[in-house]
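Peer 1: Sharing a structure with you now.
The values are calculated or read from the model by the stated rules, or taken from the named source; none is laboratory data. Everything numeric in this text was worked out from a predicted model, so none of it was measured. We place every Cβ from the backbone using ideal geometry, glycine too, and count neighbours over all the protein chains shown. Remember, those area values only see protein heavy atoms, side chains included, never the ligands or the DNA or RNA. Shrake-Rupley method; radii C 1.70, N 1.55, O 1.52, S 1.80 Å.
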Amino acid sequence: MNSILKNKAFWTGLSFATFLIFASAIVFHIYWINIFVIILGLVINKYASPILFPEQVKHKEIRAQRLEEFRARKNYKNR
């Protein structure tokens with residue numbers, strides 16, 4: 001199970017399926033199904049982003065490190 005969750009093809013397929021569910025809900029005017037689409041989208045955003053977009057995660061960590069260095073130089077405190 002753990003290897004499936006780390007598989008890029010699985011998350012890509014789930015993203016595509018989520019889009020198809022969204023499009024069919026709009027076409028057939030079954031808007032309550034979009035609740036499941038929102039939940040799937042949040043799951044994909046949380047768990048699949050590091051797998052699908054590793055460069056983005058690396059840049060996010062670099063930006064966070066630069067922000068901490070900037071705060072340390074200017075004596076800013078975390079709020």
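Peer 1: Look at L52 and say whether it is open to solvent by 100 Å² or more (accessible area, probe 1.4 Å), of a type outside the set (D, E) and under 17 Å from the mean Cα position of the chain (by Cα). Walk me through it before giving the result.
Peer 2: Numbers: open to solvent by 100 Å² or more (accessible area, probe 1.4 Å): no; of a type outside the set (D, E): yes; under 17 Å from the mean Cα position of the chain (by Cα): yes.
For L52, the condition - open to solvent by 100 Å² or more (accessible area, probe 1.4 Å), of a type outside the set (D, E) and under 17 Å from the mean Cα position of the chain (by Cα) - is not met.
Peer 1: Restricting the first residue to segment 42-66 and requiring it to be free of Cβ contacts under 8 Å to residues at least 24 places away in the same chain, which pairs with a second residue that is polar (S, T, N, Q) and open to solvent by 50 Å² or more (accessible area, probe 1.4 Å) meet a Cβ separation below 8 Å and a spacing of at least six or different chains?
Peer 2: S49/Q56
Peer 1: Listed residues I44, I38; which is open to solvent by 80 Å² or more (accessible area, probe 1.4 Å) and either in contact with a Gly (Cβ under 6 Å, 6 or more places away or on another chain) or of a type in the set (A, V, I, L, M) (or both)?
Peer 2: Numbers: I44 fails: open to solvent by 80 Å² or more (accessible area, probe 1.4 Å).
After ruling out the rest, the residue left standing is I38.
Peer 1: Pairs, please: C-beta under 9 Å, at least 6 apart or cross-chain, first residue free of Cβ contacts under 8 Å to residues at least 12 places away in the same chain and in segment 10-31, second of a type in the set (G, A, S) and open to solvent by less than 90 Å² (accessible area, probe 1.4 Å)?
Peer 2: Close Cβ pairs satisfying both conditions: F10/A48; I30/S24; Y31/A25.
Peer 1: For H29, which of the numbered conditions (1) on the phi > 0 side of the Ramachandran plot; (2) open to solvent by less than 60 Å² (accessible area, probe 1.4 Å) fails to hold?
Peer 2: The one condition H29 does not meet is (2).
Peer 1: Sort through A9, A72, A17 and tell me the only one that's surrounded by 11 or more Cβ atoms within 10 Å (Cβ to Cβ) and in a helix (DSSP H, G or I). Before the answer, list the steps.
Peer 2: On the way: A9 fails: surrounded by 11 or more Cβ atoms within 10 Å (Cβ to Cβ); A72 fails: surrounded by 11 or more Cβ atoms within 10 Å (Cβ to Cβ).
Checking each option against the conditions leaves just A17.
Peer 1: Taking the conditions exactly as written (hydrophobic (A, V, I, L, M, F, W, C) and at pLDDT 95 or above), does I51 satisfy them or not?
Peer 2: On the way: hydrophobic (A, V, I, L, M, F, W, C): yes; at pLDDT 95 or above: no.
In short, no.
Peer 1: So A23 fits all but one of (1) farther than 25 Å from P54 by Cβ; (2) modelled with pLDDT under 95; (3) open to solvent by less than 70 Å² (accessible area, probe 1.4 Å); what number is the exception?
Peer 2: (2)
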